[in-house]
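Student: Supplied in structure tokens, the structure appears directly below.
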């Protein structure tokens, strides 16, 4: 493969804590790895807010806080003028990361100048789409200009990637581009081998930020019931804390680890008996917390936030189990059943969500053989 300069744009980069920042850094490393160094990333921090200086192993352009279409266009064009190697752009799109109201018109304008008019190839990963809500809500009225920005970016994109099946369906309706579904990968490690159920310790984990409040409030009674029936002695809370996480719930101690290094989180997950989340079924492939559980073979118990359509790629009772169903089968399932759940979840992850698979999908699109 001939060398290619990849302008990889994200709203945030490490050391900022966040799924998109980690996703961008890990994906860049994987692209270099699988291309044997042919892909040469230039990471661009282009978020609406200023932040700490990026700490990554690649060339970086920090445009944080500028929200300037011209600055972005100049950043993309510059490598194409200083080198004969072809240039492509990979955009990690998270609307509110680029604009305080999720309407980064400047981003679309900057990309149109170079990817639209000058024809530099653009690939876009949509981590989220537009807001939604009833007509009397602010989100309803924001959704129209937000969707307008998305449509402009989609029209320029040769390939579009997203992590939710419902998002993929929406994008296919508004785009002639190739649209792929790519579940998020774990940002805390992807071990090839996992710990057998009989060797795991008697603690459970709540990892991540989204959904914690609902887990500790709306689903607290069922959570406590399951913990007692499963003889869990300790609950480890990792990541941003919830004001609803007491030091004890139902008499079971809650150890609040807070934000921790990926290696520390990975060690904890390798020994955990269960992992808990609260998500919509259709959004499970967007959950970094679930990706972390599945990548470590942790039996995953999901408190379903609503009765939305099931996720077509993940099956309740095969790759994870809902909290409601876990309580129903609690007296019937043995250790071997939970072990099978963890193994099947890990197998699904390795086949569908591993960062290496995500990188191959991007590399194929860069080479022009997307879908092969």
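Computed from the coordinates by the stated procedures, all read-outs in this text should not be read as laboratory data. Because the structure is predicted, anything quoted here is derived from the model rather than measured. Using ideal geometry, Cβ is built from the backbone for each residue, glycine included, and neighbour counts are taken over all protein chains shown.
Student: Among 9-17, 57-65, 324-332, what's the highest-first ranking by average C-beta atoms within 10 angstrom per residue? Before the final figure, lay out each step's value.
Tutor: On the way: 9-17: 22.3, 57-65: 16.0, 324-332: 13.9.
Per-residue Cβ counts within 10 Å, averaged per peptide and sorted highest first, yield 9-17, 57-65, 324-332.
Student: Do the sum for the chain: with -39,500 (n - 2.57) for every DSSP H run of n ≥ 4, divided by all residues, what is the mean residue ellipticity at 222 nm, to the nearest 500 deg cm²/dmol?
Tutor: Working: 13 runs with 140 residues, N = 372.
Only helices count here, giving -11500 deg cm²/dmol.
Student: Considering the zone a paramagnetic label at residue 369 would reach in this model (a point 7 Å from Cα along the Cα-to-Cβ line), which residues of segment 21-46 have amide N under 19 Å from it?
Tutor: 31-40
Student: Treat the count of other C-beta atoms within 10 Å as a stand-in for reagent exposure and order 197, 125, 350 from fewest to most. Show your work: numbers first, answer last.
Tutor: On the way: 197 20, 125 26, 350 16.
With the fewest neighbours first, 197, 125, 350 line up as 350, 197, 125.
Student: Where does segment 272-372 land on Rg(C-alpha)/(2.2 N^0.38 Å)?
Tutor: On the way: Rg = 15.0 Å, N = 101, 2.2 N^0.38 = 12.7 Å.
For segment 272-372, the normalised Cα radius of gyration is 1.18.
Student: Based on other C-beta atoms within 10 Å, arrange 220, 43 from fewest to most.
Tutor: Numbers: 220 16, 43 24.
With the fewest neighbours first, 220, 43 line up as 220, 43.
Student: If I model a spin label as a point 7 Å beyond the Cα along the Cα-Cβ vector, how far apart are those points for residue 148 and residue 105 in nm?
Tutor: Placing both labels 7 Å beyond Cα along the Cβ direction yields 0.7 nm.
Student: Subtracting the Cα-Cα distance from 0.36 nm times the residue separation, let me have the gained length for residue 248 to residue 220 in nm, one decimal.
Tutor: On the way: separation 28, 0.36 × 28 = 10.08 nm, distance 1.18 nm.
Going from the current span to full extension adds 8.9 nm.
Student: Just need the Rg to Rh number for the chain, please, alpha carbons only, Kirkwood Rh. Write out the running numbers ahead of the final one.
Tutor: Numbers: Rg = 21.2 Å, Rh = 21.5 Å.
For the chain, the value is 0.98.
Student: Between rounded, prolate and oblate, where does segment 1-55 land on the alpha carbon gyration tensor, with a ≥ b ≥ c its root eigenvalues, rounded for a/c under 1.5, else prolate if a/b exceeds b/c? Write out the running numbers ahead of the final one.
Tutor: Details: a/c = 3.08, a/b = 2.05, b/c = 1.50.
Verdict is prolate for segment 1-55.
Student: Something else now. For helix 19-34, what angle does its Cα long axis make with the longest principal axis of the chain, in degrees from 0 to 90 and rounded to 10?
Tutor: 70 degrees
Student: Shifting gears a bit: Over the Cα atoms of segment 113-206, what is the Rg over Rh ratio if Rh follows Kirkwood? Let's see the in-between values first.
Tutor: Working: Rg = 19.1 Å, Rh = 16.3 Å.
Reported Rg/Rh (Cα atoms, Kirkwood Rh): 1.17.
Student: Shifting gears a bit: Among 212, 138, rank each residue by its count of other Cβ atoms within 10 Å, from fewest to most, as a rough exposure measure. Could you put the intermediate results ahead of the total?
Tutor: Working: 212 23, 138 10.
Neighbour counts put them in this order, fewest first: 138, 212.
Student: In terms of the Cα gyration tensor, with a ≥ b ≥ c the square roots of its eigenvalues, is segment 32-93 rounded because a/c is under 1.5, prolate because a/b exceeds b/c, or oblate? Intermediate results must be reported in sequence, preceding the final value.
Tutor: Numbers: a/c = 2.26, a/b = 1.38, b/c = 1.63.
In terms of gyration-tensor shape, oblate.
Student: Can I ask one more? Quick check: pseudo-label points 7 Å beyond the Cα along Cα→Cβ at residue 117 and residue 324, how many nm apart are they?
Tutor: Inter-label distance under the simple model: 5.4 nm.
Student: Give, in nm to one decimal, the length gained when the segment between residue 155 and residue 174 is fully stretched (0.36 nm per residue of separation minus the Cα-Cα distance).
Tutor: Values: separation 19, 0.36 × 19 = 6.84 nm, distance 0.86 nm.
Gain in length upon complete extension: 6.0 nm.
Student: Give the Debye-formula value of log10 I(q)/I(0) at each listed q (0.29 Å⁻¹), with one equal scatterer per alpha carbon of segment 327-368, two decimals each.
Tutor: -0.91
Student: With only alpha-carbon atoms in the gyration tensor, what are the semi-axes of the equivalent ellipsoid for segment 170-282, in Å, largest first? Working shown, then result.
Tutor: Working: eigenvalues 169, 74, 37 Å².
Calculated on Cα positions only, the semi-axes equal 29, 19, 14 Å.
Student: Further question on the same structure: Can you tell me which of 336-346, 270-280 comes out highest on packing, and rank the rest after it, using the mean Cβ neighbours within 10 Å?
Tutor: Working: 336-346: 18.9, 270-280: 23.5.
Highest-to-lowest ranking by the protection proxy: 270-280, 336-346.
Student: May I ask for the angle, rounded to the nearest 10°, between helix 355-367 and the longest principal axis of the chain, with both axes built from Cα atoms and the value confined to 0 to 90°?
Tutor: 20 degrees
Student: At 0.36 nm per residue, and after removing the present C-alpha to C-alpha distance, how many nm does the segment from residue 264 to residue 96 gain when stretched out fully?
Tutor: Details: separation 168, 0.36 × 168 = 60.48 nm, distance 2.94 nm.
Once the chain is fully extended between residue 264 and residue 96, it gains 57.5 nm.
Student: If you don't mind, there's one more thing I want to ask. Would you work out the Kirkwood radius for segment 197-352? I mean one over the mean of 1/r across all pairs of different Cα atoms, in Å.
Tutor: Computed over segment 197-352, the radius equals 15.3 Å.
Student: For all pairs of alpha-carbon atoms in segment 22-156, what percent lies in each bin of width 5 Å, listed from the first bin to the last filled one?
Tutor: 2, 9, 18, 22, 21, 14, 8, 3, 2, 1, 0
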